[in-house]
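Shown next, in structure tokens, is the structure this report addresses.
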Amino acid sequence: MLQEKDVDVEVVKAEEGEIFDIELEEDILKRNSKLAEENRSLLDRYGVTAIDVMGAIGSGKTALIEALAERLKSRYKIAMIAGDVTTTIDSMRVRRHGVETVQVNTGKECHLDANLINKALRKLDLNTIDLLFIENVGNLICPAEFDLGAHKRIVVVSVTEGEHMVVKHPYIFLASDVAVINKIDLAEAMGVDPDKLCRDAEKIKPSIKVVKVSVKQGSGIEEVIKALDL
Ligand code: MG
Ligand code: ZN
């Protein structure tokens, strides 16, 4: 495996605060955290447990939510807030399982924030819900920075994203309670060891619960439910 020390490459490192990135501006993040706390207390008042599902496009976020909803719908009244840049595809998929959905289209933004969730929550009758999935925009970088007010956060990675997927995105793992290593049925064909991805995630955050899953084959779903204490 390629180690950093094995190669003599000159690296230009960005210092903290050097990159002009409006998303990471401190007061924006502060305002976001305040709104996130408001969202969480609103959800608590209505006894709604909210789960923020993060991961890259194609990692299987929607498919995982569908599988969880199918197994949990007899025990919980479930709704979903679907974040996407422009489409409503994921909303339509999850609705087939009898789950009420609210679509949030972020336009140019590559993450959801607490303000958008606050608006979406107003479209739901929280009295009629006890479990809420929030599918974040497909991205592994900035969703980590934006607390939405959910109670738990899952990050979904697929073995098809390659063996370095976890080590390259430490912040999203640090921000998550559960890591789902998905599409393990394809691991051999991809030449990727799912246990390496598990170890990488545990190295970044020892308290994270890692679950190997094949949503397609229906394996590991019950373990995810357990990891989420549902
Ligand atoms: Mg999706
Ligand atoms: Zn973003």
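Figures for the structure shown
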item: Modelled FRET efficiency - R0 25 Å, residue 193 with residue 219, Cβ distances, 0.05 increments; result: 0.90
item: Convex hull of the chain built on C-alpha atoms - directionally averaged projected area, nm²; result: 13.4 nm²
item: FRET efficiency, 1/(1 + (r/R0)^6) with R0 30 Å, evaluated for residue 205 and residue 115 via beta carbons; result: 0.65
item: Separation in nanometres of the label points that stand 7 Å from Cα toward Cβ, at residue 130 and residue 75; result: 1.0 nm
item: Coarse-grained scattering of the range 130-230 at q = 0.10 Å⁻¹, given as base-10 log I(q)/I(0) from a Debye sum over alpha-carbon atoms; result: -0.25
item: Sparse-neighbourhood loop sites, trypsin sites (Lys or Arg not before Pro) in the range 186-224 - DSSP loop, at most 16 other Cβ within 10 angstrom; result: 216
item: Cα lying deepest toward the dipole's positive end in the range 24-227, options 94, 36, 171, charges on Cβ; result: 94
item: Interchain or long-range residues, amide H under 5 Å from residue 50's placed H; result: 132, 151, 152
item: Solvent exposure of the range 24-227 as accessible area per residue, Å², 1.4 Å probe; result: 46 Å²
item: Those trypsin sites (Lys or Arg not before Pro) in the range 113-163 that DSSP places in a loop and that have at most 13 other beta carbons within 10 Å; result: 122, 123
item: Carbon/sulfur fraction of accessible area - the chain, other protein chains in place, 1.4 Å, %; result: 52 percent
item: Inter-probe distance in nm under a simple model that places probes 7 Å from Cα toward Cβ, at residue 105 and residue 171; result: 2.8 nm
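The values are calculated or read from the model by the stated rules, or taken from the named source; none is laboratory data. This one's a predicted model, so the numbers in the text were calculated from it and none came from an experiment. Please note: Cβ atoms are built from the backbone with ideal geometry, for glycine as well, and neighbour counts cover all protein chains shown. We work out accessible area using only protein heavy atoms, side chains counted, and drop any ligands, DNA or RNA first. Shrake-Rupley method; radii C 1.70, N 1.55, O 1.52, S 1.80 Å.
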